[in-house]
Amino acid sequence: MSATVGAADGTLRGRVAVITGASSGLGREFARAAAARGMRLVLADVEPVGLEQLRAELAASVETIARIVDVADGAAVEALAVAAYETFGAVHLLFNNAGVGTAGLIWENSERDWQWTLGVNLWGVIHGMRIFVPRMLAAAQADPTFRARVVNTASMAGLVNPPTSGVYNVSKHAVVSLSESLYHDLALVTEQVRCSVLCPFYVPTGIHDSNRNRPAALANAEAATRSQLAARALVEKAVTQGKVSAADVARMTFDAIGADRFYIVSHPQSLESVRVRGEEIVNLRNPTDPLALRPAVRDALAAAIRE
């Protein structure tokens, strides 16, 4: 197998990383980890203050540009690619990382909930893939030493289906499917451009507060339902109390890039639920509740919804 970008021989120094959702959480730590490895950075987010703070922090050590980008907007992602290539001439790592969270019983989610969540979580990855990968392939065709990788941020919710997270689950399962499809399609045409999918579990990232960035045009006019409030509270508690940090996940991700690993998980112990789900599909058994191993959490959630 050909060498991968980010191998242990220091091949990341001087190369270029594009990171969406860069101003907080995983994106911010990807940027810091990339800067520590001497990469040049293209940072994108919808939060101008956090984005500028990060740009100023990292520009002291590496070449860095920042752009306000709503990844749900294909034209905005295209403009990001143009800025990246005009500034640095190539992109070697693309982190399709921007994401938002939606909670509640799936039939209670509004059309705007679906539009917002799928727009960022799925269409953001679609736009990044379709806009950057052809440029990477062109660079690979022109230079046999060129290496690049796409890293798509999905979630453990892209591998199992916890209750009261239906819209989010759908978006993240789609990202896993897209990533696996991209992996196989790339293998047909090149070994120089690779991809990975990141499936973090509960990590303190701020995603529980993603409504702060929700466009006014996609805001709900109706008050949140009981299930939505209960699910949000559950997610906030789980996220804020997570023991694996965003910096830990960034380190794991760069280790996986160097090892040319496709699947990246933050909590390997959570794969037991994935194994159970796989066996249920193969054996045509009805689905087991992913919260079955945490009955107290399940009972509290059900009680909050029904009261």
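The values are calculated or read from the model by the stated rules, or taken from the named source; none is laboratory data. Predicted model, so just to flag it, every value in this text is computed and none were measured. Neighbour counts run over all protein chains shown; Cβ positions are idealised from the backbone, glycine included.
Please pick out the residue among GLY14, GLY21, GLY27 that is farther than 19 Å from HIS127 by Cα and modelled with pLDDT of 95 or more.
Numbers: GLY21 fails: farther than 19 Å from HIS127 by Cα; GLY27 fails: farther than 19 Å from HIS127 by Cα.
Within the list GLY14, GLY21, GLY27, the selection yields GLY14.
Scanning the range 96-114 for residues that are touching a residue at least 40 places away in the same chain (Cβ under 8 Å) and either of a type in the set (A, V, I, L, M, F, W, C) or part of a loop (DSSP other than H, G, I, E, B) (or both) turns up ASN97, ALA98, GLY99, VAL100, GLY101, THR102, ALA103, LEU105, ILE106, ASN109, SER110, TRP114.
Filter the range 29-68 down to the residues that are charged (D, E, K, R), surrounded by fewer than 22 Cβ atoms within 10 Å (Cβ to Cβ) and touching a Ser or Thr at 6+ places or on another chain (Cβ under 6 Å), then identify the one that is nearest to LEU94 (Cα to Cα). Top of the filtered list is ARG55. Of the strands (runs of 3 or more DSSP E) lying entirely inside the range 12-95, the ones with 1 or more residues being in contact with an Asp or Glu (Cβ under 6 Å, 6 or more places away or on another chain) and at negative phi are found at 40-45.
Taking the options VAL193, VAL150, name whichever one is in contact with a helix residue (DSSP H, G or I) (Cβ under 6 Å, 6 or more places away or on another chain) and either polar (S, T, N, Q) or within 23 Å of ALA256 (Cα to Cα) (or both). Working first, answer last.
Details: VAL150 fails: in contact with a helix residue (DSSP H, G or I) (Cβ under 6 Å, 6 or more places away or on another chain).
Result of the check over VAL193, VAL150: VAL193.
Being under 20 Å from the mean Cα position of the chain (by Cα) and in contact (Cβ under 8 Å) with a residue 60 or more places away in the chain is the requirement here; does VAL120 meet it?
On the way: under 20 Å from the mean Cα position of the chain (by Cα): yes; in contact (Cβ under 8 Å) with a residue 60 or more places away in the chain: no.
The answer is no for VAL120.
Out of contact with any Phe, Trp or Tyr (no Cβ under 8 Å at 6 or more places or on another chain) and either charged (D, E, K, R) or not in a helix (DSSP H, G or I) (or both): is that true of ASN211 in this structure? Answer is no for this residue. Residues in the range 191-224 that are among the β-branched types (Val, Ile, Thr) and either surrounded by fewer than 16 Cβ atoms within 10 Å (Cβ to Cβ) or under 16 Å from the mean Cα position of the chain (by Cα) (or both) were compared, and the one that is modelled with the highest pLDDT is VAL197.
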